[in-house]
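Colleague: Got a structure for you, written out below as structure tokens; questions coming shortly.
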Amino acid sequence: PDEVDALHRAVLACKRRGVGVVYVSHRLPEILEIADRITVLRDGRTRGTVDADSTTEAALVELIVGRPFEAAFPAPAERPDERAEVLVVDGLQGQSFGPVSFTVERGEVVGIAGAEGNGQPQLFDCLAGRTPPRAGRVVCGGKELTLVSVHEALRAGVMLLPGDRKQEALMPVLGVRVNSTIQSLRKFSLLGLLRRGAERRRVNELVDELEIRTPSLEQPVGFLSGGNQQKVSVARTFLREPAVILAYEPTQGVDVGSRFDIYRALRARTDAGAALLVKSSDPLELSGLCDRVLVMSRGTIIEEIPGDELDERRIVEAIVRGPGMSRARRSPLGAAMPKAPTSSESS
């Protein structure tokens, strides 16, 4: 945020000197803050030009994705009356977080909200088997996990969709086909030999289903847009068919149109029976995608927001209120932080 502010100050200084500026971004709050006029492009064509003072984020999203904002988030399928807990986390502790306890049911999307630096990445790394826990239990599909390796988590049906796709998820120099199937090659193998025809047919189906824009299946993913790269990462979950998907900032650095394609794809996985745990720094994303949201502060869950209360403002209120206010539960790690001294007290 500080760097964005510095950039905007520089841009506005140019404007005051009489310089015309064309500012290209898919971050709508930034566009609304700095622009005088906004032109929306979709599929290489102009979809409208509006005055920044007379428009809203919702109106811009409608121009970008070609449908009303309310319809951009996919509606969940009707869940059965008999609920099944797929992921059970009980008193889990690790580096910079814990203890935390929660469950995620079959076909459910649970969000993780909170300011950065409150243990969210460490929690996801632990659940994915990347770092061992210090205490607590994790049960997936009725089987207790030791979480000593990523391979164990994958075998149990827990799959991580990393936030840093270039460093942790994709191999940029390899093609769409290889990046999509790398964790599911056994599905296309017979007697130790890879059935390339079956592999290509399935990946082609996923390219159409997820609307991945690529000239060919062998196109290196490093040459695709950020949104299409992320869709390739999501395609892996379709092939692997995990019981639990851990999605860490699933639309980070993704254009608005691709963002809603990814929401639709993730919902398709939960409608097929997967459980989805989503960490996002975007309250609007959490309120539109999730069935309920857990708010983390100082490494613990301080509040749960049910579906009938979910909206952007409610999530932000829970985040900024923190564990010291009346509606939040006190952190198991200790009492609320003491009040900061006033200037007269500190002197």
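The values are calculated or read from the model by the stated rules, or taken from the named source; none is laboratory data. Given the structure is predicted, the values throughout are model-derived calculations rather than measurements. Note: ideal-geometry Cβ built from the backbone for every residue, glycine included; neighbour counts use all protein chains shown. In case anyone asks, the SASA skips ligands and DNA or RNA and just uses the protein heavy atoms, side chains included. Shrake-Rupley method; radii C 1.70, N 1.55, O 1.52, S 1.80 Å.
Colleague: State all residues of the range 181-196 that are part of a helix (DSSP H, G or I) and either open to solvent by 30 Å² or more (accessible area, probe 1.4 Å) or free of Cβ contacts under 8 Å to residues at least 40 places away in the same chain (or both); if no residue qualifies, say none.
Modeller: Within the range 181-196, LEU185, ARG186, LYS187, PHE188, ARG196 meet the criteria.
Colleague: Further question: Take the conditions farther than 13 Å from VAL232 by Cα and either over 23 Å from the mean Cα position of the chain (by Cα) or of a type in the set (D, E, K, R) (or both) and apply them to GLY175. Does it pass?
Modeller: On the way: farther than 13 Å from VAL232 by Cα: no; either over 23 Å from the mean Cα position of the chain (by Cα) or of a type in the set (D, E, K, R) (or both): yes.
No, not satisfied.
Colleague: Also, quick follow-up: Would you check which residues across the range 1-14 are modelled with pLDDT of 90 or more and open to solvent by less than 100 Å² (accessible area, probe 1.4 Å) and list them?
Modeller: Restricting attention to the range 1-14, the residues satisfying the condition of being modelled with pLDDT of 90 or more are 6-14.
Once the filter is applied, which keeps residues that are modelled with pLDDT of 90 or more and open to solvent by less than 100 Å² (accessible area, probe 1.4 Å), the range 1-14 yields ALA6, LEU7, HIS8, ALA10, VAL11, LEU12, ALA13, CYS14.
Colleague: Here's another thing I want to ask about it. If I go through the range 141-152 residue by residue, how many of them are among the polar types (S, T, N, Q) and open to solvent by 60 Å² or more (accessible area, probe 1.4 Å)?
Modeller: From the range 141-152, those among the polar types (S, T, N, Q) are 146, 149; that's our starting set.
When the remaining residues are screened for being open to solvent by 60 Å² or more (accessible area, probe 1.4 Å), the result is 146.
Adding up the residues that qualify gives 1.
Rundown of residues vs (1) among the small types (Gly, Ala, Ser); (2) assigned to a loop (DSSP other than H, G, I, E, B); (3) crowded, with 21+ Cβ neighbours inside 10 Å, yes/no style:
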position	(1), (2), (3)
ALA115	yes, yes, no
PHE124	no, no, yes
LEU154	no, no, no
LEU160	no, no, yes
LYS166	no, no, no
ASN179	no, no, yes
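Colleague: Applying the selection to the range 22-46, what residues are over 21 Å from ARG9 (Cα atoms) and surrounded by 15 or more Cβ atoms within 10 Å (Cβ to Cβ)? Break it down into steps so the answer makes sense when it comes.
Modeller: At the first step, the residues of the range 22-46 found to be over 21 Å from ARG9 (Cα atoms) are 39-46.
Once the filter is applied, which keeps residues that are over 21 Å from ARG9 (Cα atoms) and surrounded by 15 or more Cβ atoms within 10 Å (Cβ to Cβ), the range 22-46 yields VAL40, ARG42.
Colleague: Let me ask you something else. Quick check on my filter: what residues within the range 253-277 are surrounded by fewer than 19 Cβ atoms within 10 Å (Cβ to Cβ), within 13 Å of the chain's Cα centre (by Cα) and part of a loop (DSSP other than H, G, I, E, B)?
Modeller: Answer for the range 253-277, where residues must be surrounded by fewer than 19 Cβ atoms within 10 Å (Cβ to Cβ), within 13 Å of the chain's Cα centre (by Cα) and part of a loop (DSSP other than H, G, I, E, B): just GLY253.
Colleague: Here is a further query. Read through the list (1) at pLDDT below 90; (2) buried (at least 18 other Cβ atoms within 10 Å of the Cβ), then give the number of the only condition that THR214 fails.
Modeller: It is condition (1) that THR214 fails.
Colleague: Restricting to the range 288-325, count the residues that are touching a helix residue (DSSP H, G or I) at 6+ places or on another chain (Cβ under 6 Å), open to solvent by 20 Å² or more (accessible area, probe 1.4 Å) and either in a loop (DSSP other than H, G, I, E, B) or touching a residue at least 60 places away in the same chain (Cβ under 8 Å) (or both).
Modeller: Number satisfying all stated conditions: 4.
Colleague: Being of a type in the set (Lys, Arg) and in a strand (DSSP E or B) is the filter; apply it to the range 17-62 and report the residue that is nearest to PRO1 (Cα to Cα).
Modeller: First pass over the range 17-62, keeping only residues of a type in the set (Lys, Arg): 17, 27, 37, 42, 45, 47.
Adding the requirement that they be in a strand (DSSP E or B) leaves 37, 42, 45, 47.
Numbers: ARG37: 23, ARG42: 27, ARG45: 31, ARG47: 29 Å.
Here the residue is ARG37.
Colleague: Kindly evaluate ARG202 against the criterion of being of a type in the set (Lys, Arg), in contact (Cβ under 8 Å) with a residue 40 or more places away in the chain, assigned to a helix (DSSP H, G or I) and within 13 Å of ALA235 (Cα to Cα).
Modeller: Details: of a type in the set (Lys, Arg): yes; in contact (Cβ under 8 Å) with a residue 40 or more places away in the chain: no; assigned to a helix (DSSP H, G or I): yes; within 13 Å of ALA235 (Cα to Cα): yes.
No: the conditions fail for ARG202.
Colleague: Now, a different point. Cβ-Cβ below 6 Å, separation at least six or inter-chain, first residue in the range 84-99 and under 8 Å from ALA135 (Cβ atoms) and in a strand (DSSP E or B), second open to solvent by 10 Å² or more (accessible area, probe 1.4 Å) and of a type in the set (Lys, Arg): which pairs?
Modeller: Cβ pairs passing all conditions: GLN93/ARG134.
Colleague: Moving on. Give me the pairs: first residue in the range 142-165 and within 17 Å of ARG186 (Cα to Cα) and free of Cβ contacts under 8 Å to residues at least 60 places away in the same chain, second residue in a loop (DSSP other than H, G, I, E, B) and of a type in the set (A, V, I, L, M), beta-carbon distance under 7 Å, and six or more apart or on different chains, which are they?
Modeller: These pairs meet every condition: GLU152/LEU145.
Colleague: In the range 234-252, how many are open to solvent by less than 40 Å² (accessible area, probe 1.4 Å), touching a Ser or Thr at 6+ places or on another chain (Cβ under 9 Å) and either more than 23 Å from LEU127 (Cβ to Cβ) or in a helix (DSSP H, G or I) (or both)?
Modeller: Residues that pass the stated criteria total 4.
Colleague: Consider VAL207 against the criteria (1) under 17 Å from LEU174 (Cβ atoms); (2) touching a residue at least 60 places away in the same chain (Cβ under 8 Å); (3) of a type in the set (Val, Ile, Thr): it satisfies all of them except one. Which criterion is unmet?
Modeller: Among (1) under 17 Å from LEU174 (Cβ atoms); (2) touching a residue at least 60 places away in the same chain (Cβ under 8 Å); (3) of a type in the set (Val, Ile, Thr), the lone unmet condition for VAL207 is (2).
Colleague: Would you confirm whether or not the range 77-93 contains a residue that is surrounded by fewer than 20 Cβ atoms within 10 Å (Cβ to Cβ) and in contact with a Leu (Cβ under 7 Å, 6 or more places away or on another chain)?
Modeller: No.
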